[in-house]
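Some notes on the structure that comes next.
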Amino acid sequence: MSKLNLIPIGTLFDLEKGSLQSSKCTEGKYTFITAAEEWKTHNEYSHECEALIFAAAASGSLGRTHYINDKFITSDLCFILTPKDSKKYPINLKFYHFVFNSLKDEIVKNTKSGTSKESINQSNLRNYEIQYFEINKQNLWIDKLVNTNSIKEDLELELSHGQSLLKQLKQTILQEAIEGKLTAKWRAKNPDIGTAKELLEQIKIEKEKLIKEKKIKASKPLALINEDEIPFNIPQNWEWCRFGTIIESANNGLYKKASFYTDDGIPSLRMYNIQNGEIVYKNIRCVELSFEEFEQYKLITNDLLLNRVNSKELVGKTAIIRENLKKIVYESMNMRIRLINPLMSSYINKYILSAGTKEYFSNISKVASGQVSINQNQVYSLKVPLPPLEEQKEIVTTIEKLFAICDELECEINQNKITVENLMATVLKEAFEQ
């Protein structure tokens, strides 16, 4: 291993602060380099040269380094670095572009100042020492680094494409499931499972009984589903119904401020705790409640928790309560849905994850205070393709088996992404050690 030749950055480079505030940018034909990954344009330029642009005062991008060889102007949150002494310390800027980005975390850690708003001042950056390589080594290694980076970008693109295909595959699985195609062979082998019409009759009888016993309130009559409303065909023993037909009750959550991550009080689930159809039991806030309040907002096994307020892309996401936690409630941005027959919850949870249901909630949601929301009537009006109960169980089992395979493939992709990320570091490490 060669001995490190550490030289202050200020000895190798001239540093100049950028001049343009982003708010004063006027779109034009010249490159405007900011701390962000993507650049903008401006109608004037301040420099025409080869340089490195170092982000010195942008929290999310602190330490990011860009390379430019053109007419450009730079954000006042950046420093412009150009070679200082080309005779004594000749610099290949493309090579040092890789060096600065490889040392980004280390440079930021050792030169930043401030607490609420971190930044790097010129003095700290000038005094920070980095390794200087002889120019012949810089020129030798830049070709290797460029080639490695090209390979890395190609692999990252391929892996991202793989992840995108897996997401599409999951949606295809869900769609095939809710259309009855996923269980067509199973259905042929099990002709005596009954019909969804019979299931709906049982639900109607149970609902009327609960109303008579005053355990639930009678809901408003739901509109019939017209033929032109049906989005796809379903098997003969299935039925289309409104969601409200099978719901016992649907209530918004608790309007009460919860404490941050404390063991005191009763855990209250937020929209954060609904992830990919499941409840994530971490970072749960707690709330102090009376016995009456707890009884009103408690969650039990097979309840569905639906996020009723969120961004347009996320509103309507749902999860199932799989275990009967003795004491747990839910906050106001969520809606608790309890079905007449709790054994249907797993299938309904999968159905709400499907693209068509997401689109329904996105389209009917109302905008308020920068977020969108859905109400009980909109939830009750959702059209549901309902299979017999036994087939619902088979659908859920089949989806979970196929999703498990998809998750294994995604784990492999994520592991490969880490390996690809380490490619540049490995090549640069080799350069540093020679």
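The values are calculated or read from the model by the stated rules, or taken from the named source; none is laboratory data. None of these values were measured; they are calculated from a predicted model. Note that we place each Cβ from the backbone using ideal geometry, even for glycine, and neighbour counts take in every protein chain shown. In case anyone asks, the SASA skips ligands and DNA or RNA and just uses the protein heavy atoms, side chains included. Shrake-Rupley method; radii C 1.70, N 1.55, O 1.52, S 1.80 Å.
Values computed for the structure shown
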| read-out | value |
| --- | --- |
| Residue within segment 61-74 that is under 37 Å from the mean Cα position of the chain (by Cα), farther than 24 Å from Val146 by Cα and either loosely packed, with under 13 Cβ neighbours inside 10 Å or hydrophobic (A, V, I, L, M, F, W, C) (or both) present | yes |
| Filtered residue count, segment 361-394, keeping only those that are closer than 18 Å to Ile348 by Cα and among the β-branched types (Val, Ile, Thr) | 3 |
| Test: residue in segment 237-249 that is more than 37 Å from the chain's Cα centre (by Cα), closer than 21 Å to Pro388 by Cβ and without any contact (Cβ under 8 Å) to a residue 60 or more places away in the chain | no |
| Qualifying residue in segment 147-161 (condition: open to solvent by 50 Å² or more (accessible area, probe 1.4 Å), over 21 Å from the mean Cα position of the chain (by Cα) and β-branched (Val, Ile, Thr)) | yes |
| Residues of segment 7-30 that turn out to be β-branched (Val, Ile, Thr), modelled with pLDDT under 95 and open to solvent by 30 Å² or more (accessible area, probe 1.4 Å), as a count | 1 |
| Identity of the residue in segment 358-392, touching a residue at least 40 places away in the same chain (Cβ under 8 Å) and of a type in the set (D, E, K, R), that ends up nearest to Glu227 (Cα to Cα) | Lys383 |
| Count of segment 356-369 residues which are in a helix (DSSP H, G or I) and surrounded by fewer than 13 Cβ atoms within 10 Å (Cβ to Cβ) | 2 |
| Selection count, segment 336-355, where residues are modelled with pLDDT of 95 or more and not in a helix (DSSP H, G or I) | 6 |
| Check on Ile120, surrounded by 14 or more Cβ atoms within 10 Å (Cβ to Cβ) and at pLDDT 95 or above | no |
| Subset tally (residues that are in a strand (DSSP E or B) and among the charged types (D, E, K, R)) for segment 22-46 | 1 |
